[in-house]
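See structure below.
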Amino acid sequence: MSRPTVLSTRPHPLLLPTVLTGVFITILDFFIVNVAIPTIRADLDAGPAAIEWVVAGYGLAYGSGLVLGGRLGDLLGRRRVFALGLALFTVASLACGLAGTAGQLVAARVAQGLAAALLTPQVLAVIRTAYDGPEQARAINRYALTMGLAAVFGQLAGGLLITAGLGLGWRACFLINVPVGIAALLLTLRVVPESRATGSRLDPAGAALITLALVAVLLPLIEGREQGWPAWTWLSFAAAAALLGWYARRPHPAPLIDPALFRDRAVTIGLFAQLAFTMTMAGYFLVFALWAQQDRGLGPLGAGLLFAPIGLGYLAASQLAPRFTARYGRQTIALGGLLRAAGLTVLLALVAADAPVAVLVPVLAADGFGMGLALAPIMGTVLARVAARHAGAAAGVLTTTQQVGGALGVGIIGVIFFGEETRGFGAGLVYLIVVSLALAAIVQALPAASAR
């Protein structure tokens, strides 16, 4: 059996901040662009299709490349692939900020997504191989905190950068990554230990099948609602199923995704829980921002500020989640789902009553608290049961599940939100409540000690 090679046994104090910087900028760039769309459209004279692909191009390249990116880290070295992804992401961000046409911006966004797919899985893999026991749990909690704060405050950061970005406008949203990326890259070469799974090799045909299957899943999820779910979207889903079936039937001594990963019930159920959780995140942030601006008349910065209570609640829960998990195990995830369902139910009532925005603040904070309780224990449940030699591949599967869940949630809540004339946001909240309750039910199938 192959064993991981780790060249450093004592984590550097700056290891975690360095790799989490990579997570932060990749997640931030997924959300920050939303508030920049109007100024991008005006500045580059971009049509609807080009603007759509500024968002979709990043998400499609990112989500479809994560499994392969994770596996490349296992084989070539996690520090090496992380550094490569970080360097490419920095260059692509510069290209985004300097883009002179909509086409150039779309191409640079696709390059950003591919670079993010290389670097992101390495973060969880490094955490899995560099830390043990309680330190690993704390590191995963910091990862979840970073990811959540980047998502929650993405719109606020975008509004601030556009408003006070030294006259750069929307370009500041991308150019800010350049100095951050350079600093993180220099630190990576000094403080991140190298690790890899020895004795394995890449399966190029399997990698192609998995990547094409993910494209066939994500493309209709991203584009289907906007185009009214034409026939090609359903054909694409069918093609994805066929490609996955083909991959599963072909034997290979070193498969891209080892079937052994899914033999542990904690891993499989944990991935379903991750899917359910992420189905409530990206779509929620999208329609909440639209509702705040279209129905409540807030500007980009005002809408971004409305996300602050969610972020504060998330931050508070992330600090308490390890204690809850040590005492209540899997029920911490269920508690997070139930708290979200309760908070969203109150929010639904307040929205229906046209309550002042200020009244929403404590409810939004409670919702953020539920998010923070659920996310880190879900990821810890999956990673704790995975052998270190599969850390990169497992991280790729976990982050891919996040992307598929996010795209699926956006597709579903988008149909609900845009399909209703005056009750779109309320109907979207009902969907979020149902899925949050489903999350609490799913985790009951986890082994009792799996999230401890």
Only residues in the range 36-47 that are closer than 19 Å to residue 155 by Cβ count as the first member; pair them with residues that are at pLDDT below 85 and outside any helix (DSSP H, G or I), Cβ under 6 angstrom, at least 6 apart or cross-chain, and list the lot.
none
Of the conditions (1) of a type in the set (Val, Ile, Thr); (2) out of contact with any helix residue (DSSP H, G or I) (no Cβ under 6 Å at 6 or more places or on another chain); (3) at pLDDT 85 or above; (4) surrounded by fewer than 18 Cβ atoms within 10 Å (Cβ to Cβ), residue 198 clears all except one; give me its number.
(3)
Among the residues of the range 303-331 satisfying the criterion of being among the small types (Gly, Ala, Ser) and in contact (Cβ under 8 Å) with a residue 60 or more places away in the chain, which is nearest to residue 357 (Cα to Cα)?
303
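Within the bounds of the range 349-358, is there any residue that is among the hydrophobic types (A, V, I, L, M, F, W, C), assigned to a helix (DSSP H, G or I) and within 22 Å of the chain's Cα centre (by Cα)?
The first filter runs over the range 349-358 and keeps only residues among the hydrophobic types (A, V, I, L, M, F, W, C), leaving 349-353, 355, 357-358.
So of that shortlist, the ones also assigned to a helix (DSSP H, G or I) come out as 349-352, 357-358.
Now narrow it down to the ones that are within 22 Å of the chain's Cα centre (by Cα): none.
There is no residue in the range 349-358 that is among the hydrophobic types (A, V, I, L, M, F, W, C), assigned to a helix (DSSP H, G or I) and within 22 Å of the chain's Cα centre (by Cα).
So, residue 188, is that one β-branched (Val, Ile, Thr), in the same structural domain as residue 71 (by TED's automatic domain parsing), in a helix (DSSP H, G or I) and in contact (Cβ under 8 Å) with a residue 60 or more places away in the chain or not? Can you show your working first?
Values: β-branched (Val, Ile, Thr): yes; in the same structural domain as residue 71 (by TED's automatic domain parsing): yes; in a helix (DSSP H, G or I): yes; in contact (Cβ under 8 Å) with a residue 60 or more places away in the chain: yes.
Spelling it out, residue 188 is indeed β-branched (Val, Ile, Thr), in the same structural domain as residue 71 (by TED's automatic domain parsing), in a helix (DSSP H, G or I) and in contact (Cβ under 8 Å) with a residue 60 or more places away in the chain.
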When you check residue 264 against the structure, is it acidic (Asp, Glu) and more than 27 Å from residue 374 (Cβ to Cβ), yes or no?
no
In the range 124-133, is there at least one residue being without any contact (Cβ under 8 Å) to a residue 24 or more places away in the chain and surrounded by fewer than 24 Cβ atoms within 10 Å (Cβ to Cβ)?
yes
Mind checking which pairs have a first residue in the range 349-362 that is in the same structural domain as residue 428 (by TED's automatic domain parsing) and a second that is surrounded by 12 or more Cβ atoms within 10 Å (Cβ to Cβ) and charged (D, E, K, R), Cβ under 7 Å, 6 or more apart or different chains?
357/296
Just checking, does the range 102-110 include any residue being assigned to a helix (DSSP H, G or I), within 18 Å of residue 384 (Cβ to Cβ) and either assigned by TED's automatic domain parsing to the domain that holds residue 51 or modelled with pLDDT of 90 or more (or both)?
no
Whether any residue in the range 148-161 is closer than 24 Å to residue 56 by Cβ, in the same structural domain as residue 313 (by TED's automatic domain parsing) and modelled with pLDDT of 85 or more is what I want to check.
yes
Say whether the condition of being surrounded by fewer than 22 Cβ atoms within 10 Å (Cβ to Cβ), modelled with pLDDT under 90 and in a helix (DSSP H, G or I) is met by at least one residue in the range 80-90.
no
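The values are calculated or read from the model by the stated rules, or taken from the named source; none is laboratory data. Just so we're clear, the structure is a prediction, and the values are computed from it rather than from any experiment. Cβ sites come from the backbone with ideal geometry, for glycine too, and all protein chains shown count toward neighbours.
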